[in-house]
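A quick write-up on the structure given underneath.
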Amino acid sequence: MALDLAEAGSIAGIVNLSSYPLDRLDSPAGKALIERCRAMLAVDGACLLPGFLTEAALTRAIDEAKALESRAYRKPAPSTGTAYIAAPDASYPPDHPRNRIMSALAGVVGLDQIPKSCVVRQLYEWDGLLDFLIAVLDRQSVYRYADPMGGLNVTVMRRGDHDSWHFDQTDFVLSMLLRPSERGGDFEYSPNIRTAEDENYDAVRAVFDGDRRLIRRLDLQPGTFALFLGRNSLHRVSPVEGETPRIITLFGYDAKPGTMSSERLRLGRYGRTEPLPVPPDL
């Protein structure tokens, strides 16, 4: 039977509320969870909550992700750019970290392709998750992306797919791995390698050149909630190996309302600029 929040009136069938009381954040257990998450972010730049989904919800989410896999749009060639998500800067030398060209390749399923009944979409559209993010991040407000394609994505990475070193343009990213690859596909990062006052280019160059002393790996398991602060933490997904595609869900939020993707970004990520009027059934 499909898990349906509209019918159940509760998130209890999806989130493991006994371990993660998102429905009672003002309780002692809820406040303790918020403080634990804040502590993880302060130390590691990331917050991992394993077993976040109930067993039933995880099983269903994995099955739904497999069904969505064939809808993923894949560009015919890798995307290229710098780690700073900007064009090369002629004011720096050609071999400067600002001008190092990186690449990325993956298949992406947009929000408009994901049925409302899917576990990940129900979770994304649940206001309780927004309240939790606001509390953990200690912000006045957090908003879902207004973009009807970019708000929620399911990313499918096959053999050789990867996401090279980069910084995010947003303060935080929420993700949930649904299926790991056989090998590779590791999320690696250098926490807080730069600040608003210091780009720390020497350390960034060292990471680009393979200095493993500055690199950590997140232990992502299926169903683990992962909140990552990526604006100042250099990160990548190593190349996927083996025949089993890596599938991960990315939840889109911003500190300001009305965030939309450009037509150029939509075309590159989804192969089209206009959303579907109604998500197709699985």
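Below, the figures for the structure above:
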quantity: Hz values of 3J(HN,Hα) by residue in segment 241-255 - Karplus curve (6.51, -1.76, 1.60), Gly and Pro given as x; calculated: 10, x, 8, 8, x, 7, 10, 9, 9, 10, 9, x, 9, 8, 7
quantity: Over the chain: helical MRE at 222 nm, DSSP H runs n ≥ 4 each giving -39500 (n - 2.57), nearest 500; calculated: -7000 deg cm²/dmol
quantity: Mean Cα-pair separation over length for segment 5-270, i.e. relative contact order, pairs under 8 Å, 6 or more apart, %; calculated: 26 percent
quantity: Under Karplus coefficients 6.51, -1.76 and 1.60, residue-wise ³J(HN,Hα) of segment 48-57 in Hz, glycine/proline x; calculated: 10, 10, x, x, 5, 8, 5, 4, 5, 5
quantity: Alpha-carbon radius of gyration plus Dmax, which is the widest Cα pair, for the chain in Å; calculated: 18.7, 59
quantity: Using θ = phi - 60° and Karplus 6.51 cos²θ - 1.76 cosθ + 1.60, couplings along segment 169-186 (whole Hz; Gly, Pro as x); calculated: 8, 10, 5, 8, 9, 10, 9, 8, 6, 10, 8, x, 7, 4, 8, x, x, 7
quantity: Histogram of C-alpha separations across segment 111-182, 10 Å bin width, %; calculated: 14, 43, 35, 8, 0
quantity: Burial ranking of peptide ranges 147-154, 130-137, 193-200, 33-40 (average Cβ count within 10 Å, highest at the top); calculated: 147-154, 130-137, 33-40, 193-200
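Just so you know, all these numbers are worked out from the coordinates, no wet-lab data involved. Everything quoted here is computed from the prediction, not taken from an experiment. In this analysis, Cβ positions are derived from the backbone assuming ideal geometry, glycine residues included, and neighbour counts consider all displayed protein chains.
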